[in-house]
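The values are calculated or read from the model by the stated rules, or taken from the named source; none is laboratory data. Being a predicted model, the structure only gives us computed values, none of them experimental. Cβ placement follows ideal geometry from the backbone for every residue including glycine, while neighbour counts extend to all protein chains displayed.
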Amino acid sequence: MKDLFVIDLHDYEDYYRISKRPSARGIIINEGKIALVYSKSKNYYKLPGGGLEKNEDLKTALIREVKEEVGLIIIPESITEFGRVLRRQKSNYFEETIFEQENFYFLCKAENCQVEQNLDSYEKEADFVLRFTNIDDAIETNQNYHSDDGFDVNMIKRELMVFQLIKKSNLIAEKGNPLYENHSGN
C-alpha cells in the first residue's frame, strides 16, 4: 500500500517499548459528499474505521468497523487501497511506551441501507453519528478543532491531512462513484 505520510511526535525515548494498533478506515463517496463519523460532543470529523481485532485482516476489520461506527454495510468487492499513514507518539495509557498506529485507508462502496450503530463507550461519549458532508466542511471543522488532549489533537490532525489528500486527488469530483449499490436483484 502507498505511504501517504508519517506523523511522529518524537515525544518518547528510544528505549520505550512499542505498542502497535493497526487500523482500517473507509473512504465512501457519493454525489460530492463523503461519509464521515461526526462527533457531536467534540465537533470533529473522522473517517469510519478502527483497530484490528486479534487474527483479523484489514478488509474484515474495515467492514466490521464501518458497520459498528456508522451502520453502513461495505460491499467487499468494492474495496480498493488508498494509502497508509503511520502515527507514532508517546502513549497516553502506558508508561515508557510508544503508541504506533498504522492506518490503512480504503476506497469502498456501501449497500443502500443503514443498520444500527454498535459504539464503544468512548464513541458513545463522543456522540458519534454518520454525516454525509462535503470535504471542505470537514476540512474547516477539523482545522478549527481545539482540545487539551494531545492524543485527540493528533488523531484529528491525521484525519485532516487525509481529507486534504482526498480533496487534492479529485476523488470526490469523479462521476460514477456511487455510495450505494442496489443488491436487491433488480
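Being exposed (fewer than 15 other Cβ atoms within 10 Å of the Cβ), outside any strand (DSSP E or B) and of a type outside the set (Asp, Glu) is the filter; apply it to the stretch 110-122 and report the residue that is modelled with the lowest pLDDT.
TYR122
If you scan the stretch 89-109, which residues turn out to be over 15 Å from the mean Cα position of the chain (by Cα) and either crowded, with 18+ Cβ neighbours inside 10 Å or of a type in the set (Val, Ile, Thr) (or both)?
Our first condition is that a residue be over 15 Å from the mean Cα position of the chain (by Cα); within the stretch 89-109, this holds for 89-100.
Matches in the stretch 89-109: GLN89, LYS90, SER91, THR97, ILE98, PHE99.
Return the residues of the stretch 47-71 that are within 20 Å of PHE163 (Cα to Cα) and either surrounded by 15 or more Cβ atoms within 10 Å (Cβ to Cβ) or of a type in the set (A, V, I, L, M, F, W, C) (or both); say none if nothing qualifies. Show your work before the answer.
Taking the stretch 47-71 and keeping what is within 20 Å of PHE163 (Cα to Cα), we get 47-51, 62, 65-66, 69-70.
Correct list: LEU47, PRO48, GLY49, GLY50, LEU62, GLU65, VAL66, GLU69, VAL70.
Can SER147 be described as small (Gly, Ala, Ser) and surrounded by fewer than 17 Cβ atoms within 10 Å (Cβ to Cβ)?
Working: small (Gly, Ala, Ser): yes; surrounded by fewer than 17 Cβ atoms within 10 Å (Cβ to Cβ): yes.
When the stated conditions are applied, SER147 passes them.
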